[in-house]
There are 2 protein chains.
Amino acid sequence: MDQRHVQALKQAGMKATPKRLAILDMLDGESSFASPEELWKRLRDRFERLGLPTVYRNLEELAASGVITKVIHPNRQLYYFFCGNREHHHHFVCLNCRKVEDIPSCGIEALEREVSGKTGGKVLSHILQLNGLCGGCLEKGENK
Amino acid sequence: MDQRHVQALKQAGMKATPKRLAILDMLDGESSFASPEELWKRLRDRFERLGLPTVYRNLEELAASGVITKVIHPNRQLYYFFCGNREHHHHFVCLNCRKVEDIPSCGIEALEREVSGKTGGKVLSHILQLNGLCGGCLEKGENK
DNA sequence: ATTCTAAAACGAAATCATTTCCATTTAGGA
DNA sequence: TCCTAAATGGAAATGATTTCGTTTTAGAAT
């Protein structure tokens, strides 16, 4: 039982249930970037009973309280991952192994200036995600 | 019948059917940014019979051949819009009136350098969308 | 103008990710 | 140990999107 995760849940005002911790462990470990169904399939063996709605619910709650991060993939499915970085940043996702790297700067300030100069508008939110192949997968030639 | 649109369809190797043209007209006019269902509802009156699957199919085909552009909204629904700009660029979408502005630069080159320097990885694609309020809506105080 | 054929459209039904509902179980403070 | 709000199960609902087999149509060829 990873105390860091218990701690994170406490801070978020959520009970540290075994299933929640298992989900966090999964996201903080091997399955760093996964869809609700993928996580469910991988966790089913560990629990006699584990409903898919529970996984959805927990992922959504964890994302809402900022413990994990949610992204919308181009295929329109939801994916979640654990990310301890509390600063504003974005992510580079390896299309092969799904490893996620933080991208601290996003140059959004320049774009905001461009928008306000061009249309007088105001940027309230933005979506930025980089997809590609990480160094490891490039070396191995794994271009799945 | 807008000849520009007929032309665009021809170039894409698609037949210029009345329904397709109506969809394009809609996207190039009043409903510049709309979901499949919204377009369907607005076009139903003009045609005795118009199936929702037809709207979906056409939007997908038009997007595939680059005549229109598809984006995933934060609410996870699909939206499409007409965009004549053939250069690489991104979009600023007004959350109130849904007007779409092109953002020619996206600063992706700097981020690509960052990724390759940090992890040795390679960026293959990226998603960037700015959401906010356009100048007009800001003035009118329409912060729906 | 008529014929012909591949492309387009129909609409009902299927699909499939996600959510809801409500009865049951459980974490963790009292 | 008890208690209560929070968490979970599982079946069923939801709702966007797609599939299927059939019918219609655009537009090239005659």
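The values are calculated or read from the model by the stated rules, or taken from the named source; none is laboratory data. None of these values were measured; they are calculated from a predicted model. Methodologically, a virtual Cβ is constructed for each residue, glycine included, from the backbone with ideal geometry; neighbour enumeration extends over all protein chains shown.
When residues in the range A:107-130 are screened for being more than 7 Å from every other protein chain (Cβ to nearest Cβ) and not small (Gly, Ala, Ser), 4 of them pass. The one condition from (1) more than 10 Å from chain B (Cβ to nearest Cβ); (2) at pLDDT below 70 that A:HIS73 does not meet is (1).
Of the residues in the range B:104-139, how many are closer than 12 Å to A:THR119 by Cα, crowded, with 19+ Cβ neighbours inside 10 Å and not small (Gly, Ala, Ser)? Residues flagged as closer than 12 Å to A:THR119 by Cα, crowded, with 19+ Cβ neighbours inside 10 Å and not small (Gly, Ala, Ser) within the range B:104-139 amount to 3. Going by what's in this entry, would A:LEU50 be described as closer than 23 Å to A:LYS10 by Cβ and part of a helix (DSSP H, G or I)? Criteria not met by A:LEU50. Scanning the range A:1-37 for residues that are surrounded by fewer than 16 Cβ atoms within 10 Å (Cβ to Cβ) and more than 13 Å from DNA strand C (Cβ to nearest atom) returns A:ASP2, A:ARG4, A:GLY29, A:GLU30.
For the range A:1-47, a tally of residues being part of a helix (DSSP H, G or I) and either under 19 Å from the mean Cα position of the chain (by Cα) or away from DNA strand D (no atom under 13 Å from the Cβ) (or both) returns 26.
Taken together, B:GLU30, B:GLU37 contain a single residue that is out of contact with any strand residue (DSSP E or B) (no Cβ under 9 Å at 6 or more places or on another chain) and modelled with pLDDT of 85 or more, which is B:GLU37.
Look at the range A:83-102: where a residue is at pLDDT below 70 and a partner is in a loop (DSSP other than H, G, I, E, B), sitting 6+ places away or on another chain with Cβ atoms under 6 Å, you get A:ASN96/A:GLU142; A:ASN96/A:LYS144; A:ARG98/A:PHE33.
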